[in-house]
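For reference, the structure is listed below as structure tokens.
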Amino acid sequence: MKVLTQTMYRTSVAMLALWPVMASAQATNGDRQGRPAAEAVDTAEIIVTATRQNTALSRVAAAVTAIRAGDIGPGGVQNIGDLQTLVPNVSIGDQFGVNRTFIRGVGLNNFDVGGEGAVAFLQNGAILARPAQQLSGFFDLEQIEVLRGPQSILYGRGATAGAINLVTARPKEELEGYARFTYGNYNAKILEAAVGGGLSGDKLLVRVAGKYEKRDGYGKNLFTGADVDDRDAYSLRGTLVAKFSDTITGTLIVDHFHEDDNNYAFHYFGPSVVPEAGLPHTALGGQTIIGYYQSRGEKVNLRNIYSDQEAINKRKGYGFTGLLDWDLGAATIKSTTAYRSFDRFQRDDLDSSQANLAGQNNYDERSRAFSQELTVNYVGDGFTILGGAMYFHEKLAGTVNVPTTNLGVLFGLPANTFDGGAYNQDGRVKIDAVGAYLQAAVDLSPAFKLTAGARYNYEHRKGVGFFRFDAIGINIPTDVSKGWSSVTPKLLVEYRPTDTTMLYASVTKGFKSGVINVGSADPAVNPETVWSYEGGFKQRFAGNRILLSGAIFYYDYSNLQVSFVNANSIVQTINAATARNYGGELELEAKVTPQFTINANASYLNAKFTDFCNAYYGAAFPARPGISYAACAGQPGLVDLSGKRLPNAPRYSVGGGFNWDIPMPNDAKLSLNGDAKWQSKVYFTEFNNRDAEQGSYLMINTGATYHAPGDRWTVGAWVKNLTNKFVIANNIIAAATYAYPRVGSLMPPRTYGATVGLNF
């Protein structure tokens, strides 16, 4: 691996150093073909909207990946988790129905109520604040944009790792639409459809889209017989576009989603410091799924659970997004107004057995959020100016309620001693955030451009509520309020020796707001910050049919927000660490022939804590082979985790795919496609041990689709996770009350199906 690391580093440096020469040679070759550079532009190139400047993908001076509409849907990108197959240095999982997206090793490390990630998640440029809310809405999309690296100028709060923007399909003047029906294994049924067109020429356009999805579970609750990780959900969206004049256009987007199933189950992966036979629930005759299989002499299937509690998932939400675009010629003004409502209730089993040892975990979250942003772009003679201001307001309420049924056995008391009590977090948090930014770019010469800007951020949070844990006699108010401000600058230099070549270097500061967790006894958690240093290139070849991109980066993080379950079985979030991340990425997109396209990516990531002391959950238990930690200087009760890798930060990943359109009679075609992603080992906790890890794995997807003449209808078949890899998506070490078991979530098993589509 050391040789591979050195090779990647040297290759990246060499490519950056030699790129002007390579680019010059490429430009000369293009001139010999008699095509001026201006005529060689690929008109099908993706326009990235998340930059707030509608920039062509090859001209964005940052690490950006855009996923086209054709890659989104059954057999392709069906949910947020599928993005990690196509995007380098992205790792995605979920924990208890909460999206945990990591970019370059940084993401959501707070799993308490009110926790927020380090990746800004947007729909049409409007923020989706709740991580659990971000798992819905993947249908009728025009494209998905993934920006890697701090985006604090554009988005301020919560964008220290990057941003993901879902761009929904917009109506066109002519009547058009589609309907797709998919049937797959696990009795999966997916119906997706959209129709749109002009109601009054190009003055008033409308589009309506919807998706319904239902399937059986990937596993079973073998105690009750119910499915787990099943799916029963629907989503609707309506879009209205009004052209008020030649210069003013308004867009209204209304959406709604609803889920009612047993998805996002807690899966038991085994014990950590206490052997299976010594887990607390055995005092009540309890068994985990492992104990269940072992007692029968059968092979263990961890996709199943053995629990007295069903994995209930109920969530719903709706939103309104209003866009107003005003084109003044040299200047454009854009207003983005959004309101979102989100509610969810989830239940899982903390003791991971069919015995109820204070295992019923009831989790309730309610969010009402409003945001307003105004963006101004001005294009002058040799310079551009981007400015904006935003306001965000959210009312967040939530509860965590765990009845302490049978908990008395842990205290040597009658089991029902605490049956009327509970572990209970209950409260409300009001969030108000404002930001203003200004960024200017100046052409220093025909080849050099300098961009400089800064953003001012202020956020205030006020929490009211209480925390109660009857078994240890705690019942305290959790009222707290605090505000934070930060200025985040950015400096960017671009060098374009030819029309097909760009090199860039940037310095950016990122800011992730402080947190007040709902009903938490913790004090307010302060913001985390990052200084990012990045250099990269983008090179187009062969008449713009090939785009090669690369980046190297170095991050210096301070005050990282980290959550863990402490010795009192209470979720705690602290500013615990500093860290440094560095690495590199390469991406290739190539249209080899008009019918054959390929893509490939590779990444290297070295993400480690530089200063972090924390209590080790196994300190009071006998030492285990291969697991040991040095004590922190002056803090003998804590262990030194400096040098340990950040959670969800694979050191290496390599991926790629292809699409081959084979001509058929009468202008029909057969499309073959496939993609694969290999990822090295990841740890899910800061302790970097075998209790919470996922080894390296290769994920393969493939499919074939027949397109009738004129693409009037299609029929295809697809397979995802072809080799049926068992992959842990996330893993935590649960509370001391349950003797620190290993629990978490899984990626889907092998799925396959057939899709029939009708286009008009």
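By a straight-distance test (C-alpha under 19 Å), which aspartates and glutamates pair with K608 as possible cross-link partners, with residues fewer than eight away in the same chain excluded?
Cross-link targets: E528, E534, D556, E585, D640, E686, D691, E693.
Binned at 5 Å from 0, what are the whole-percent values of the Cα-Cα distance distribution for segment 571-634, short to long?
4, 10, 13, 12, 13, 11, 8, 7, 6, 6, 5, 4, 1, 0
Can you list the aspartates and glutamates whose alpha carbon is less than 13 Å from that of K211, not counting same-chain residues fewer than 8 positions off?
Correct list for K211: D140, E192, D232, D255, E259.
Provide the three semi-axes, in whole Å and in decreasing order, of the ellipsoid equivalent to segment 599-757 as defined by the square roots of 5 times the Cα gyration tensor eigenvalues.
47, 17, 10
Please sort by residue number the trypsin sites (Lys or Arg not before Pro) in segment 272-317 whose DSSP state is loop and whose Cβ has at most 11 other Cβ atoms within 10 Å.
Sparse-neighbourhood loop trypsin sites (Lys or Arg not before Pro): K299.
Read phi for every residue in segment 399-411 and hand back ³J(HN,Hα) as whole Hz from Karplus 6.51 cos²θ - 1.76 cosθ + 1.60, θ = phi - 60°, with x for Gly and Pro.
So the J values, rounded to whole Hz, are 9, 10, 10, 10, x, 8, 5, 6, 6, x, 4, 6, 9.
Return the lysines within reach of K220: Cα separation strictly under 20 angstrom, same-chain partners fewer than 8 residues apart disregarded; answer none if there are no such residues.
Straight-line reach from K220, under 20 Å: K189, K299, K314, K725.
Give me Rg/Rg_expected for segment 398-527, where Rg uses Cα atoms only and Rg_expected = 2.2 N^0.38 Å with N residues.
Working: Rg = 25.5 Å, N = 130, 2.2 N^0.38 = 14.0 Å.
So segment 398-527 has a normalised radius of gyration of 1.82.
Based on C-alpha coordinates, I'd like the Rg and Dmax of segment 598-644, in Å.
Computed over the Cα atoms of segment 598-644, radius of gyration and Dmax are 16.1, 55 Å.
Could you list log10 I(q)/I(0) for segment 76-184 at q = 0.18 Å⁻¹, which the Debye formula gives when each Cα is one point scatterer?
-0.88
Cα convex hull of segment 151-301: how many Å³ per residue?
That works out to 188 Å³ per residue.
Could you work out [θ]222 nm for the chain from helices alone, using -39500 (n - 2.57) per DSSP H run of at least four and dividing by all its residues? Round to the nearest 500 deg cm²/dmol.
So the calculated ellipticity at 222 nm is -2000 deg cm²/dmol.
Quick one: with all protein chains in place, what share of the accessible area of segment 660-732 is carbon or sulfur, to the nearest percent (1.4 Å probe)?
On the way: 1880 of 3160 Å².
In segment 660-732, the share of accessible area belonging to carbon and sulfur is 60 percent.
Looking at segment 461-598 from every direction and averaging, what is the projected area of its Cα convex hull in nm²?
Mean orientational projected area (segment 461-598, Cα hull): 13.1 nm².
Given a cut-off of 18 Å, name the pairs among K214/K316; K430/K509; K644/K681 whose C-alpha atoms lie farther apart than that in the structure shown. Don't skip to the answer; put the middle values down first.
On the way: K214/K316 16 Å; K430/K509 26 Å; K644/K681 14 Å.
The pairs that break the limit, which is 18 Å between Cα atoms, are K430/K509.
Starting from the Kirkwood Rh over alpha-carbon pairs, what translational D in µm² s⁻¹ does the chain have by Stokes-Einstein at 20 °C and 1.002 mPa s?
Values: Rh = 27.3 Å.
Calculated translational D: 78 µm²/s.
Of the accessible area of segment 184-238, with the probe set at 1.4 angstrom, what percent is carbon plus sulfur? If you can, show how the numbers build up before the last one.
Numbers: 1390 of 2320 Å².
Of the solvent-accessible surface of segment 184-238, carbon and sulfur hold 60 percent.
Please calculate how many Å² of accessible area the chain carries per residue, with a 1.4 Å probe and no DNA, RNA or ligand atoms counted.
Normalised by residue count, the accessible surface of the chain is 39 Å².
Tell me the carbon and sulfur percent of the accessible area for segment 510-633, rounded to whole percent, probe radius 1.4 Å. If you can, show how the numbers build up before the last one.
Working: 2670 of 4590 Å².
Taking all protein chains in place, segment 510-633 shows 58 percent carbon and sulfur surface.
The values are calculated or read from the model by the stated rules, or taken from the named source; none is laboratory data. These numbers come from a predicted model, not from an experiment. When we count neighbours, we look across all protein chains shown, and the Cβ atoms used for this are built from the backbone with ideal geometry, even at glycine. Accessible surface is based on the protein model in full, side chains and every heavy atom, while ligands, DNA and RNA are left aside. Shrake-Rupley method; radii C 1.70, N 1.55, O 1.52, S 1.80 Å.
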